[in-house]
1. Quick one: what are the phi-derived ³J(HN,Hα) couplings along region 317-334, Karplus 6.51/-1.76/1.60 with θ = phi - 60°, whole Hz, x for glycine and proline?
2. Using Cα centres only, tell me the gap between region 286-317 and region 98-157 in whole Å.
3. With a probe of 1.4 Å, find how much accessible area region 371-423 has per residue, and write the answer as a whole number in Å².
4. Net charge near THR185: determine it from the other residues with C-beta under 9 Å of the C-beta of THR185, scoring Lys and Arg +1 and Asp and Glu -1.
5. Please list 3J(HN,Hα) in residue order for region 348-361, calculated via the Karplus relation 6.51 cos²θ - 1.76 cosθ + 1.60 where θ = phi - 60°; whole Hz, with x for glycine and proline.
6. Give me the net charge for the shell around TYR145: Cβ to Cβ below 11 angstrom, other residues only, Lys and Arg +1, Asp and Glu -1.
7. Once amide H atoms are placed 1.01 Å from N in the peptide plane, what residues at a sequence separation of 5 or more from GLY427, or on another chain, have their amide H within under 5 Å of its amide H?
8. In debye, nearest 20, what is the charge dipole magnitude of region 279-346 about its Cα centre with +1 on Lys and Arg Cβ and -1 on Asp and Glu Cβ, if you could check?
Amino acid sequence: MAPGTMPLSCCRAMPKMGDGAKKPASETAPEQRWKLQVFYLCFYGFMTQIRPGESFITPYLLGADKNFTKAEVTNMITPVLSYSYMAVLVPIFLLTDYLRYKPVLVLQSLSHISIWLLLVLGTSVLAMQLMEFFYGITMAARIAYSSYIFSLVAPSRYQRMASYSRSAVLLGVFTSSVLGQLCVTLGGISFLTLNYVSLGFVSFGLILTLFLERPRRSMFFNRPGEAGEAAAPTELDRMAIGDGSGDARGWRDMVLCRMLRELGALARQPQLRLWSLWWVFNSAGYYLMLYYAHILWNEISPTTDNRRVYNGGVDAASTLLGAVASFAAGYMKIRWTLWSELVIGVVTAFQAGLLLLMNSTTNIWLCYAAYILFRGSHQLLVPIAIFQIATSLSKELCALVFGVNTFFATVLKTIITIIVADKRGLGLSVHPQFYVYFGYFTLLAVVYLLAAVAVGVRHSRRGQPAELALAKGPCQLPVEVPAEEKSPEVGTVRA
């Protein structure tokens, strides 16, 4: 059984009874163990992000080293990333839990090695498409790292430990981008050499992965079952008891079906529905912009001098701004049941304007600035969405909701890619693509702002009867505020 606060407090209360003097040492050992595990996991998360060549993959493919055309990179190579991610997302989501995290992390490390081997050795479009396929696997496998932490600590520590692991990843991305930019600008290192350096780092990441401890339990498929692993009943456990089935495999099937049905009922909650839709639609557009932004930069400022390519610095700045925005979101104290649609609408309209600026300017620095602000504005809303979705859900339902949202966002992103970018669809070059993305975000902004107007009108109408009741005198009872307007955390958002 995992150490809890009660056994520790009892030991402190009776230090001289029987073997009470030995209990603190025996209880301290497991506590020190999970702390070391968390530290190692955060170190692992930091080191696996050190890939200094990642920010320069697009100029590397378009440059003299590989000499692919812009049409090949835009319409034949990059679209494979969306297809690969959609194809492997659900299998990896399930295998992560079933295999208890570590095997999927090993797969992710092997995929990273495959990416840089193909970048260094590959010369054909097919090799680069295979590289994008492995890139999709690494993206889908990120769920293994983000959920691994929950198998190490008690539920009371989830929020703090998740922030530690997330901070380690962001710090790794920032360090990697800065390192890559310094190597290119100050060191004059070629993109090919930078990719060899990245290959060395990802190979070291594989070694770190092998020393991760494989957890004995996971969220869905490997619940604690022995007496020594007793735990408080979870959503899955309660549903399993309700099903009353003796066959373990049968009740798992029943539980997943019931959880999916419960998701349908949860979709009626206005805030959960709104922020889930934001996650699906805005995330799809956000990642499409990310995939093609580097190609746009090369279009605006084509150069053969690697020292004048600042992709790493821009990625570092956008990562830093995103981290600051995420932190600032925790201090936004507004009534989200009333203002959510307006906030989302204003931010989305701002993003649409940034996309138009990126696509219409001929100044690469303006394009860089718009990209940084676009990513920062998206990261501002991510922790708010996480809190608004997760605040009323169990851990299992929360994981399922985010999994479903991510899947639908991936499907939408893939559909747009097939129509807009793929050579079998419209096969648009990068500038017309960004006009499409501008129109997409403009449409979303209009819908959100119209919804905000509707919420405002509905709220004002609800306020009128209360004002009339108060005007009639103290004898009249005020009209009760509708349930959906009551929020236990109306002004609180936790990053």
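1. Using θ = phi - 60°, the values come out as 5, 5, 5, 5, 5, x, 5, 5, 5, 4, 5, 5, 4, x, 10, 7, 10, 9 Hz.
2. With region 286-317 and region 98-157 each reduced to a Cα centre, they are spaced 24 Å.
3. Value for region 371-423: 32 Å² per residue.
4. +2
5. Here the 3J(HN,Hα) series is 5, 5, 4, 5, 4, x, 5, 5, 5, 5, 4, 7, 9, 7 Hz.
6. Neighbourhood net charge equals +3.
7. Close amide H contacts, sequence-distant or interchain: ALA421, ASP422.
8. 220 debye
The values are calculated or read from the model by the stated rules, or taken from the named source; none is laboratory data. None of these values were measured; they are calculated from a predicted model. FYI the Cβ positions are ideal-geometry reconstructions off the backbone, even for glycines, and counts take in every protein chain you see. When the accessible area is computed, the model is the full protein with side chains, heavy atoms only, and any ligands, DNA or RNA have been set aside. Shrake-Rupley method; radii C 1.70, N 1.55, O 1.52, S 1.80 Å.
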